[in-house]
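Notes follow the structure.
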Amino acid sequence: MASLPQHLDLHLIRILYMLLVEKNVSRVALKLNQPQPSISASLRKLRELTGDPLLVRGARGMVPTQHGESLLKPAKRILDETESLFVKKSPFIPEQEARTFNIAAPDYLDSQFLPNVVAALRRGSPNSRVVIHSLGPGVDYIRMLSDGDMDLVIANWDEPPPHLHMSKLFEDPIICTMRADSPYARRTESDAMTVEDYLSLPHVAPSRMMPGHRGVIDAFLEREGMRRNVAVESAYFGLIPYMLTQTDLVLTTGRQFIRFYERTLPLKTFTVPVKFPPMRFYQLWHERVHQAPEHKWLRDQLSAAAKALIQK
């Protein structure tokens with residue numbers, strides 16, 4: 001690739017463009033508020049750089065040469081594209097815009113949260129598309145955020161990746177639940193479960209979200225030197241409450257998640273005898289979209305939906 005001439009600058013390209021449009025040194029000098037000799041000197045420099053006269057005398061003043069004419073469009077394109085580099089970000093007007101928002105989330109969120117988010121996005125930006133992605137072992141969400149394939153990730157982590165931006169959405173206190181007529185549930189009060197009972201009962205747990213990544217429940221138990229009896233792992237968290245109704249399994253989850261299923265399923269909830277911290281759900285995003293107006297709007301919608309959830 002040939003190296004650019006040393007004396008080439010944007011102002012010179014602007015003068016080239018204006019000379020080819022105006023075909024008059026005096027008019028260009030007037031429009032740029034510069035002395036005529038300065039524009040004449042620039043024309044000489046441009047002739048030197050291009051190896052072409054660019055403007056020659058015609059019947060009625062100056063006319064571009066054939067080569068000069070061929071430079072008009074490229075010069076205009078360079079000026080337009082340079083201007084777009086530094087144009088200020090226009091405000092995002094959600095009612096008028098048509099964007100695609102990509103959100104990744106696990107299926108063990110409060111069952112009302114994502115529906116409320118989608119409803120808010122549909123109301124606020126009806127021409128936009130919303131794509132909800134699953135969050136499982138095969139999803140490299142860190143790469144997807146940095147590549148722009150994902151706008152936001154919602155999940156709960158003990159320690160979220162340090163280089164990503166993060167804001168807390170809501171907390172969900174930990175409880176455990178089982179079939180209301182299971183032998184253990186029939187003979188035990190909600191607050192009478194012992195740590196020994198809790199650890200030895202057969203548990204159902206979600207599959208690991210990432211290879212080598214322990215869920216927050218098992219990671220906490222491990223730190224406390226405890227281990228529960230996980231009898232079943234399921235990649236389909238939304239089906240687990242229905243598994244409880246036909247088995248002796250116990251599910252440890254967030255209070256908000258299970259309250260939806262309690263309305264229709266015969267479940268009994270227990271206070272967990274282990275002092276788990278609440279599940280903390282965050283939204284994560286990458287530095288590349290941190291300042292973008294449409295992404296700020298998107299994050300605001302999620303924050304508002306989370307706040308409404310907590311106030312219920």
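Please label the shape of region 10-85 as rounded, prolate or oblate, based on the square roots a ≥ b ≥ c of the eigenvalues of the alpha-carbon gyration tensor (a/c under 1.5 means rounded; beyond that, a/b larger than b/c means prolate, else oblate).
On the way: a/c = 1.61, a/b = 1.21, b/c = 1.33.
It comes out oblate by the Cα gyration axes.
Taking a ≥ b ≥ c as the square roots of the eigenvalues of the Cα gyration tensor of region 174-277, is the shape rounded (a/c under 1.5), prolate (a/b larger than b/c) or oblate?
oblate
So what is the accessible area of region 10-85 per residue, in Å², with the probe set to 1.4 Å?
That works out to 65 Å² for each residue.
Straight-line reach from residue 307: which lysines have a Cα under 17 Å away, not including same-chain ones fewer than 8 places off?
168, 296
Consider the candidate values (1) 108, 39, 27; (2) 68, 41, 31; (3) 50, 45, 42; state which one is Cα extents along the principal axes in Å computed from the structure displayed.
So the structure-derived entry is (1).
Please list, in chain and number order, the residues 5+ apart from residue 135 or on another chain whose amide H is under 5 Å from its amide H, with Hs placed from the backbone.
105, 107
List the residues, sorted by chain then number, that are 5 or more residues from residue 267 or on another chain and whose placed amide H is less than 5 Å from its amide H.
HN-HN under 5 Å from residue 267: 180.
May I ask you to rank 310, 132 by accessible area, largest first, using a 1.4 Å probe over the protein chains only?
Solvent-accessible surface, decreasing: 310, 132.
Would you grab the residues whose amide H sits under 5 Å from the one on residue 149? Only those 5+ places off in sequence or on another chain, please, with H modelled 1.01 Å from N.
none
For region 16-81 and region 269-312, what is the centre-to-centre distance using only Cα atoms, to the nearest Å?
Centre-to-centre distance over Cα atoms comes out at 58 Å.
Using a 1.4 Å probe over the heavy atoms of the protein chains, calculate the carbon and sulfur portion of the accessible area of region 140-254 as a whole percent.
Details: 2830 of 5700 Å².
Carbon and sulfur together cover 50 percent of it.
When only the heavy atoms of the protein chains count and the probe is 1.4 Å, how do 295, 67, 163 rank by accessible area, highest first?
In descending accessible area the options line up as 163, 67, 295.
Just the accessible area for residue 144, please: 1.4 Å probe, Å², rounded to the nearest 10?
My reading of the accessible area for residue 144 is about 40 Å².
Can you say what percent of the DSSP beta bridges in the chain, counting only those with both residues inside, are antiparallel? Round to 5.
Expressed as a percentage, antiparallel bridges in the chain total about 60.
If I ignore ligands, DNA and RNA and count only protein heavy atoms, how much of residue 108 is accessible to a 1.4 Å probe, in Å² to the nearest 10?
Rounded to the nearest 10, that gives 40 Å².
Ignoring ligands and nucleic acids, what accessible area does residue 165 show with a 1.4 Å probe (Å², nearest 10)?
Residue 165 exposes around 50 Å² with every protein chain in place.
At 1.4 Å probe size, put 257, 92 in order of accessible surface, largest to smallest.
On the way: 257 0, 92 30 Å².
The residues order as 92, 257, largest area first.
The values are calculated or read from the model by the stated rules, or taken from the named source; none is laboratory data. These numbers were taken from a predicted model, which means no experiment stands behind them. All accessible areas refer to the heavy atoms of the entire protein, side chains included, with ligands and DNA or RNA removed. Shrake-Rupley method; radii C 1.70, N 1.55, O 1.52, S 1.80 Å.
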